[in-house]
Amino acid sequence: MRVGGDWYTVTPLGPDRVGVSAGDVAGHGLDAAAVMSQLRSVLAGAALASGDPAAILGVLDRYARGLPGAAFATAACAVVNSGAGTVAYTSAGHPYPLVITSDGGTRYLDGGRRPPLGARSAAAVTAAAATERDTLPPGSLLLLYTDGLVERRGESLDAGFARLAAVAGGCARLPAGAACAALLARMAGPDGYGDDVAIVAVRPVGTSAASHVDAVPAAFTEMAGARGRLRGWLEVLAADPVQADEIVLSTGEVLANAIEHGSDCDPDRIVGIEAFADQDTDTVTVTVSDSGRWAKDSAASLSAGRGRGLTLIHGLASNVRTVRGTFGTRVTITCRTGQRAPAARKAMGK
Amino acid sequence: VSFELVTLPSPPGGQAITVVQIRGDVDASNAAGLHEALAELAGGALVVDLSGVGYFDSAGFAVLDRVSSRGRVAVVVAPASVVRKAMSLMNLPFYDTIDAARASLLPA
């Protein structure tokens with residue numbers, strides 16, 4: 001088994017806010033992993049206590065100064081506020097977080113810089129970077145990663161950043177989990193990666209004309225609300241009402257499966273919904289992600305009723321794709337929207 | 001989510017067939033309640049009209065299947081109903097109108 005010093009964390013801080021970090025301890029192997037594990041815990045604790053990225057990394061820095069092996073660890077820390085559509089962030093000697101908007105635009109968050117953690121030089125100790133703020137529009141992805149993703153032998157770091165931005169732009173409309181997998185696959189050099197890599201992507205809950213993102217506690221009683229929010233978005237899109245009903249029903253079936261089979265109906269687990277509209281093809285693509293492995297899924301559960309749900313999903317959607325991975329199960333359906341004429345769309349304020 | 005069952009009056013001199021309309025939404029959160037309510041009514045011949053539901057998913061169809069398999073039950077889904085396509089995908093028998101469903105339950 002290979003272990004290393006790269007990490008990421010995701011820490012829920014409230015209904016609209018989540019803290020996210022990526023970091024890298026110098027060195028490799030078990031020692032680096034042990035230091036990493038401590039930094040990660042302190043970082044998550046500091047995030048729960050403060051919620052301000054500069055303050056969080058300030059705590060981590062002070063802790064790192066007393067921890068052998070933690071000197072010159074780097075970290076980026078961000079707090080996403082989905083209600084406000086903003087991200088607050090700070091980086092301690094770490095590669096810039098990247099914002100990928102749903103139209104494929106990319107923007108590095110290159111403010112809020114401070115030196116690596118645990119450095120003892122006077123300049124480093126007095127450098128208290130302020131938290132920087134930026135917008136995170138609905139549908140966009142916030143990507144945090146470690147330098148292994150962008151570094152390649154014989155290539156400048158700037159070339160690596162440019163490559164990441166170009167590749168990431170092509171992942172803009174993938175569900176967050178799929179975007180991470182695609183980035184890992186597409187950023188690898190001819191011989192794979194020369195260093196450890198950690199990567200985490202966050203897509204905030206919110207709705208725009210082009211996208212709809214929702215987070216649903218895994219309970220059947222939460223389904224009606226989620227369906228209502230999806231329906232509201234389809235109305236903004238001016239989807240044909242009959243098609244909208246079919247999209248809501250097929251999504252509802254996938255959601256019910258994710259709650260029952262992917263999450264054991266545990267309301268502390270969250271099911272993600274990421275939907276994108278494609279105006280060119282008059283379709284919407286809806287991805288439902290859960291954190292489970294469908295362990296109790298069996299032929300018995302199929303005959304008991306899930307088969308009926310699958311019949312509906314496949315009968316109503318033009319395309320269904322299921323990916324089961326280490327981190328959970330992701331079902332993506334594509335449906336026609338049968339949008340009304342452009343004039344009608346305009347009248348709806350689109 | 002909630003649903004409502006509305007029992008329609010029988011036509012004068014008509015056969016003892018109960019006609020019930022489901023309104024509202026049915027999903028996995030309340031399908032057990034629907035099963036309970038329909039099982040009570042399905043002692044005799046029963047027409048279940050789905051035409052007016054707002055949302056009806058596989059959990060609801062599973063209830064219809066169970067209730068139908070144990071009694072004389074006919075399901076109605078009007079052509080313009082939101083569940084028409086889903087119903088046709090389910091491979092369960094249904095009728096366009098209440099009259100047609102009622103007629104199907106009369107002795108031949």
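The values are calculated or read from the model by the stated rules, or taken from the named source; none is laboratory data. Computed from a predicted model, the values in this text were never measured in an experiment. Cβ atoms come from the backbone with ideal geometry, glycine included; neighbour counts cover every protein chain shown. We work out accessible area using only protein heavy atoms, side chains counted, and drop any ligands, DNA or RNA first. Shrake-Rupley method; radii C 1.70, N 1.55, O 1.52, S 1.80 Å.
Things worth noting here:
- Computed P(r) (all Cα pairs; chain B; 5 Å bins; percent): 2, 13, 25, 28, 20, 8, 3, 0
- Peptide A:286-293, shielding by other chains (average Cβ, 10 Å cutoff): 0
- Classification of chain A by its C-alpha gyration tensor yields a prolate form. The axis ratio a/c (a ≥ b ≥ c) is 1.5 or more, and a/b outweighs b/c.
- Solvent exposure of segment A:1-129 amounts to 42 Å² per residue of accessible area, where only protein heavy atoms count and the probe is 1.4 Å.
- For A:Thr329, residues with placed amide H under 5 Å, excluding near neighbours: A:Asp290, A:Ser291, A:Gly292
- Average beta carbon contacts from partner chains per residue of A:208-214, 10 Å cutoff: 0
- Interface burial in segment A:228-266 reaches 30 Å² or more for A:Asp245, A:Glu246, A:Leu249, A:Glu253, comparing the full protein assembly with the chain by itself; accessible area from heavy atoms with a 1.4 Å probe.
- Heavy-atom accessible surface of the protein assembly as shown: percent carbon and sulfur, 1.4 Å: 54 percent
- Relative contact order of segment A:51-188, taken over Cα pairs closer than 8 Å and 6 or more residues apart, is 25 percent.
- Based on Cα contacts under 8 Å between residues 6+ apart, segment B:45-108 shows a relative contact order of 39 percent.
- With respect to chain A, whose longest principal axis is taken over its alpha-carbon atoms, helix A:307-316 is tilted by about 80°.
- Between chain A and chain B, roughly 1500 Å² of accessible surface gets buried, counting both sides and using a 1.4 Å probe.
- Each Lys or Arg adds one and each Asp or Glu subtracts one; over the other residues with Cβ under 14 Å from the Cβ of A:Tyr108, this totals -2.
- Multiplying the residue separation of A:Ala159 and A:Ala130 by 0.36 nm and removing their Cα-Cα distance gives an extension gain of 7.7 nm.
- Full extension of the segment from A:Glu235 to A:Asp195, taken as 0.36 nm per residue of separation minus the current Cα-Cα distance, would add 9.7 nm.
- Cβ-derived FRET efficiency at R0 25 Å, A:Arg113 paired with A:Ala166, nearest 0.05: 0.60
- Table column - 3J(HN,Hα) (Hz), segment A:236-243, Karplus curve with 6.51, -1.76, 1.60, x for Gly and Pro: 4, 6, 6, 5, 4, x, 5, 5
- Segment B:14-76 and segment A:94-115 have Cα centres separated by 54 Å.
- Among the residues of segment B:50-94, those with an accessible-area drop of 50 Å² or more from chain alone to full protein complex, heavy atoms and 1.4 Å probe, are B:Tyr55, B:Ser58, B:Lys85, B:Leu89, B:Met90.
- The residues of chain B present an accessible area of 47 Å² per residue when probed at 1.4 Å with all protein chains retained.
- A simple spin-label model places pseudo-atoms 7 Å from Cα toward Cβ; at A:Leu13 and A:Ala49 they are separated by 1.5 nm.
- Solvent-accessible heavy-atom area per residue, rounded to whole Å², over segment A:166-206 at 1.4 Å: 39 Å²
- Where labels lie 7 Å past Cα in the beta-carbon direction, separation of B:Ala16 and A:Gln38 in nm: 8.1 nm
- Rg(Cα)/(2.2 N^0.38 Å) for segment A:185-268, N = residue count: 1.48
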